[in-house]
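Notes follow the structure.
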Amino acid sequence: MAERKVLVTGGAGYVGSHAAKALAAAGYLPVVYDDLSVGNEWAVRWGPLERGSILDADRLRQVMEAHAPVAVMNFAALTLVGESVREPGRYYRANVMGALNVIEAARAAGVGAFVFSSTCAIYGQPEVVPISESAPKAPLNAYGSSKLMVETILSDIDAAHGFPHAALRYFNAAGADPDAEIGEFREVETHLIPLVLDAITGRRKPITVFGTDYPSPDGTAVRDYIHVGDLAAAHVTAMERLLGGTPSFAVNLGTGQGYSVREVLDMAEQVTGRAVPHSTGPRRAGDAEALVADAAAARALLGGNLTPRSDLRTIVETAWAWQGSETYGRIFRG
Ligand code: UFG
């Protein structure tokens, strides 16, 4: 049987590289398309790397023709909320124009499934928590708006031409590959768990807890942390559902369980046996008080065992093991 290839844009990045590993484990060959502007070459381990930007429509078409993938997963995007507020044009160009290029190249190549990385940031400040897929979409920043625009583009193209796709709305991706072959690493890091662990090891400076006056029991903001391995598995299942004839869908990828910033710090102290160097400060602009998924639709569509790795202890343990790995030590230039 011919090798079943899946084109993975952004496959050198955090979630994309874990999806590439999951695809290989499921018998596919992940072809990573990445310009390495944010992603890391060491994270491409399960198939070829095609260097290119999603803003280069000709190169995308050429790679798509050369590999004839059965499906496309589009992870390539800019993902920093604060940066998107300061540089919206750059975010719309990369995330909307770039995604449209990938969608059109995928359609021209006749792929049977398109899996898109969306985000809970499309909901903005929710009126009701947990958040269901039908909740109002009111993004608070250009990052969330750009992702919502692509969801609209996908729906319109599907309605006009038939384009089976899944929009997967991630809550807080966290943790690392249990084998510690890959994990989270960015030159510029803003996410809570890697910053907490880097603060413990002294690789980065002590963290600031942003806001202690939220209406949660301990006053800190609440998020729904989902293990990156569970996200990756959900992508493979979503792709196979579409290839099997399931109509296009959009689902939340979260666990339904929220944890406060303080609870994350406590878990990091339990797992590492060390104190988290930190101070407290004001709220971070644009942060919602609580973002927790209603995960029922994803469970129904993608299987009841959607979140086997997503308890907070496993998330922190795998992130800590990754930070202790030889690879992380070698690549970290902090
Ligand atoms: N936090 C701190 N100190 C830090 C970093 C984070 O207290 O140094 C807090 C944040 O204020 C927030 C929580 O930790 O309450 C989690 O923050 P992250 O930056 O790790 O993640 P966000 O919830 O801000 O971002 C996530 C995704 C984005 C997505 C966003 C939706 O990473 O892609 O949710 O709001 F857009």
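The values are calculated or read from the model by the stated rules, or taken from the named source; none is laboratory data. Here the structure is a predicted model, which means the values were calculated and not measured. Neighbour counts run over all protein chains shown; Cβ positions are idealised from the backbone, glycine included.
Annotations
- Criterion: assigned to a helix (DSSP H, G or I), outside the structural domain of Pro136 (by TED's automatic domain parsing), closer than 26 Å to Tyr143 by Cα and away from the ligand (no atom under 16 Å from the Cβ) - qualifying residue of Ala319, Ala297: Ala297
- Residues of the range 20-36 that are outside any strand (DSSP E or B) and within 18 Å of Leu60 (Cβ to Cβ): Ala20, Asp35, Leu36.
- Test for Pro69: is it at pLDDT 95 or above, buried (at least 18 other Cβ atoms within 10 Å of the Cβ), touching a strand residue (DSSP E or B) at 6+ places or on another chain (Cβ under 9 Å) and over 16 Å from Val228 (Cα atoms): yes
- Scan of the range 115-124 for residues that are touching a residue at least 60 places away in the same chain (Cβ under 8 Å) and over 20 Å from Arg86 (Cβ atoms), ordered by number: Val115, Ser117, Ser118, Cys120, Tyr123
- In the range 92-114, the qualifying residues are those that are touching a residue at least 60 places away in the same chain (Cβ under 8 Å) and part of a helix (DSSP H, G or I), and the one that is nearest to the ligand (Cβ to nearest atom) is Val102.
- Residue list for the range 37-49, filter: surrounded by fewer than 23 Cβ atoms within 10 Å (Cβ to Cβ) and in a helix (DSSP H, G or I): Glu41, Trp42
- Selection of the range 241-291 for residues being more than 10 Å from the ligand (Cβ to nearest atom) and part of a helix (DSSP H, G or I) yields Arg241, Leu242, Leu243, Glu263, Asp266, Met267, Ala268, Glu269, Gln270, Val271, Thr272.
- Selected residue (criterion: nearest to His18 (Cα to Cα)) from residues of the range 68-83 that are within 12 Å of the ligand (Cβ to nearest atom) and not in a loop (DSSP other than H, G, I, E, B): Val81
- Listed conditions (1) in contact (Cβ under 8 Å) with a residue 24 or more places away in the chain; (2) on the phi > 0 side of the Ramachandran plot are all met by Gly144, apart from (2).
- Elements of type strands (runs of 3 or more DSSP E) in the range 128-240, at least 1 residues being within 16 Å of the ligand (Cβ to nearest atom) and under 22 Å from Asp294 (Cα atoms): 165-170, 172-174, 225-227
- Extreme residue, farthest from Ala234 (Cα to Cα), among residues of the range 1-23 that are surrounded by fewer than 16 Cβ atoms within 10 Å (Cβ to Cβ) and in contact with a strand residue (DSSP E or B) (Cβ under 8 Å, 6 or more places away or on another chain): Glu3
- Members of the range 214-234 that are under 13 Å from Tyr259 (Cβ atoms), buried (at least 23 other Cβ atoms within 10 Å of the Cβ) and acidic (Asp, Glu): Asp224
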